[in-house]
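The values are calculated or read from the model by the stated rules, or taken from the named source; none is laboratory data. Keep in mind that this is a model prediction, so the values were computed, not measured. Cβ atoms come from the backbone with ideal geometry, glycine included; neighbour counts cover every protein chain shown. To get the accessible areas, we keep the full protein, side chains included, count just its heavy atoms, and leave off ligands, DNA and RNA. Shrake-Rupley method; radii C 1.70, N 1.55, O 1.52, S 1.80 Å.
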Amino acid sequence: MKTRLIGITLFAALAAVPAVQAQSLGERVEVGAFGQFTKLDEKVRMDNVAGIGARAGLSVYKWLGVEGDIQVGSTKATRAPNEDITYRPFRGLATLTVPIVASKKASLVLGGGYVNSVYAGRATPNEYEDGMTGLLGLKLCSAGKWGARIDGILDNNPSPNEQNIDGTSRNLGLRAGVTYALRGGCASVEQFDWTLKIDPATATIARGSTRQFALSAADMKARPIELRKVLNLTCSSSDASVATVDNTGKATAVKYGTATITCKGLVKKIERTASSTVTVPPPAWTLTLTPTSGATDVGKTLSFAAKAVDADNVDLGAITWSTANASIASVSNGTVTCNAAGSTTITATKTAYGSTQTKTATVDCKAVEAARVALDETLFDFDKAIVLKSGMDTLKVVLEAMKRIPTLRVSVEGHTDWYGDEAYNNTLAKTRAEAVMKSLLKLAGKDAASIKDRIVSSSFGEQCIVAPNGDADPGPPRPRVSKANKTAQAPNRRVEIWQLLDGKGAPTACRSASERAGHLPFGDLK
């Protein structure tokens, strides 16, 4: 036969592939090299052949492909004239590459087609034999483009060369080699995979509202997969208290927060998932503070109330309190304590649902006018510490106030005029204060025990002069003090009784002019 039969037979093999298969023609192109041992039929009357060869192939449709190979090997005729012969067969095959289910990288290769065997150097007139060939092979692939092939070959040659006119010969071959994919991967068939998609990837849904998410599926080549083919398609929420979802991807917002919506399903026993983030914005909320202003005396307290609620009238919990000037007024859980005279601002603060609100109120702390009485002039004679009858009447007023007001505390403070030695005057002032305390407790009688702990005493000698009248105190030796000077200095010979304001102790210095100007009688206390 003629060599042109090669092209005719290969064309016939390609023509056998339906036209529709050309859609994937050339998706995978590979080349390879191999070594082959061929056991020639005895009828061919030649020695067996060891040779090398090369192949090239391409995919046509799915598992179907075509390939061609050529081999070269040397042999020798076993009949006279025993010439040396080059054995050079060419094959064109249609192949079916079937993946082995248990392995992702192994395939069976089945092939059939035309073989043209060339016996170059043969003494007979025709060097060519045409026949049919069959192939059974195993293909092993790496993760990339390289692979290995082991094939068994059977060539059936109905040619009469070296045989009777009706004779045939069958040559068996075993080959092993490598392959490399010029296009695509080594694996004959891509492993199936698919993706599940949920759209949009994030969404904000108002509380109480719904949102339909779009679900879609596609294979590894982005070809759509009908959702009805996705088995066990289910959707769930990471936090059902924030948002719920049904199996169609319809989400319902429940309350403020963030939740993840996850849907999953099976295609060909492969599970895939898709997720979307749902954000439910916070509800409106308000902070109130009552009253918006308040005033009280130093040492006393005021009560303020603050509350934060959302649109559903849900109490949002504890409030944070602060003051602009703690030295004037301090605040704790809405209770304001006036510490000093003046005005300041307190602030109620609440952070909820990711935002912060504040409310303020003005606090006016008023200075307290302390009650005071003074046992002066005729109440203490010059250089004496005896409480006179008129002084006892004054102490009765103080005692009555202490019985009427259980929280009333007093300070008894002794003073002298400027005549005399300073050390002596210090002692005299202390003696006067002690005399007043004893008289006060004596007047209290059986109630003395209940008021004793509410009385403190101190003395200042001649430090706190209130009437700078009369002649200056001469230095020693001092002359006798005149009656005029004694009268002029009478207001300084005194014991003062002061109301102690909340938190205050016995004074350590003279009372200021403003304190004296603002005093009121003990009888006026309420």
Within segment 298-323, which residues are surrounded by 14 or more Cβ atoms within 10 Å (Cβ to Cβ), within 26 Å of the chain's Cα centre (by Cα) and in a strand (DSSP E or B)?
308, 309, 310
Boolean, residue 78 is open to solvent by 40 Å² or more (accessible area, probe 1.4 Å) and in contact with a Lys or Arg (Cβ under 8 Å, 6 or more places away or on another chain):
yes
Go through (1) at pLDDT 90 or above; (2) in a loop (DSSP other than H, G, I, E, B); (3) open to solvent by less than 70 Å² (accessible area, probe 1.4 Å) for residue 463 and report which single condition fails.
(3)
Matching residues in segment 351-375 (touching a helix residue (DSSP H, G or I) at 6+ places or on another chain (Cβ under 9 Å) and either at pLDDT 85 or above or more than 30 Å from residue 433 (Cβ to Cβ) (or both)) number 0
Anything in segment 388-397 that is assigned to a helix (DSSP H, G or I) and either open to solvent by 60 Å² or more (accessible area, probe 1.4 Å) or hydrophobic (A, V, I, L, M, F, W, C) (or both)? List them, or say none.
389, 392, 393, 395, 396, 397
Here are some residues: 277, 252, 273, 260. Which one is touching a Lys or Arg at 6+ places or on another chain (Cβ under 6 Å) and modelled with pLDDT of 95 or more?
273
Among the listed residues 385, 326, 348, 340, which satisfies the condition of being open to solvent by less than 70 Å² (accessible area, probe 1.4 Å), assigned to a loop (DSSP other than H, G, I, E, B) and modelled with pLDDT of 85 or more?
326
Selection within segment 398-457 - of a type in the set (S, T, N, Q), in contact (Cβ under 8 Å) with a residue 60 or more places away in the chain and either open to solvent by 40 Å² or more (accessible area, probe 1.4 Å) or part of a helix (DSSP H, G or I) (or both)
none
Residue, nearest to residue 388 (Cα to Cα), within segment 484-511, restricted to residues that are in a loop (DSSP other than H, G, I, E, B), in contact (Cβ under 8 Å) with a residue 24 or more places away in the chain and among the aliphatic types (A, V, I, L, M)
506
Across (1) open to solvent by less than 40 Å² (accessible area, probe 1.4 Å); (2) more than 24 Å from residue 398 (Cβ to Cβ); (3) modelled with pLDDT of 90 or more, residue 469 clears everything bar (1)
Filter result for the condition that a residue is assigned to a loop (DSSP other than H, G, I, E, B) and among the hydrophobic types (A, V, I, L, M, F, W, C), over 295, 240
240
Is it fair to say residue 304 is over 30 Å from residue 407 (Cα atoms) and modelled with pLDDT of 95 or more?
no
The residue that is surrounded by the fewest Cβ atoms within 10 Å (Cβ to Cβ), considering only those in segment 123-139 that are over 16 Å from residue 55 (Cα atoms) and in contact with a strand residue (DSSP E or B) (Cβ under 7 Å, 6 or more places away or on another chain), is 132
Report yes if residue 514 is outside any loop (DSSP other than H, G, I, E, B), at pLDDT below 85 and exposed (fewer than 13 other Cβ atoms within 10 Å of the Cβ), otherwise no.
yes
Which one of these does residue 476 not meet: (1) in contact with a helix residue (DSSP H, G or I) (Cβ under 6 Å, 6 or more places away or on another chain); (2) on the phi < 0 side of the Ramachandran plot; (3) assigned to a loop (DSSP other than H, G, I, E, B); (4) of a type outside the set (D, E, K, R)?
(1)
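Listed here are the residues, each with its yes/no results for (1) in contact with a strand residue (DSSP E or B) (Cβ under 7 Å, 6 or more places away or on another chain); (2) at pLDDT 95 or above.
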{"site": "34", "(1), (2)": "yes, yes"}
{"site": "37", "(1), (2)": "yes, yes"}
{"site": "54", "(1), (2)": "yes, yes"}
{"site": "61", "(1), (2)": "no, no"}
{"site": "69", "(1), (2)": "yes, yes"}
{"site": "73", "(1), (2)": "yes, yes"}
{"site": "83", "(1), (2)": "yes, no"}
Which of the numbered conditions does residue 238 fail, given that it passes all the others? Conditions: (1) open to solvent by 60 Å² or more (accessible area, probe 1.4 Å); (2) touching a residue at least 60 places away in the same chain (Cβ under 8 Å).
(2)
For residue 481, are the conditions met, namely being open to solvent by less than 70 Å² (accessible area, probe 1.4 Å), within 19 Å of residue 429 (Cα to Cα) and not in a loop (DSSP other than H, G, I, E, B)?
no
Look through 249, 265 and report the one residue that is open to solvent by less than 50 Å² (accessible area, probe 1.4 Å), farther than 30 Å from residue 140 by Cα and touching an Asp or Glu at 6+ places or on another chain (Cβ under 8 Å).
265
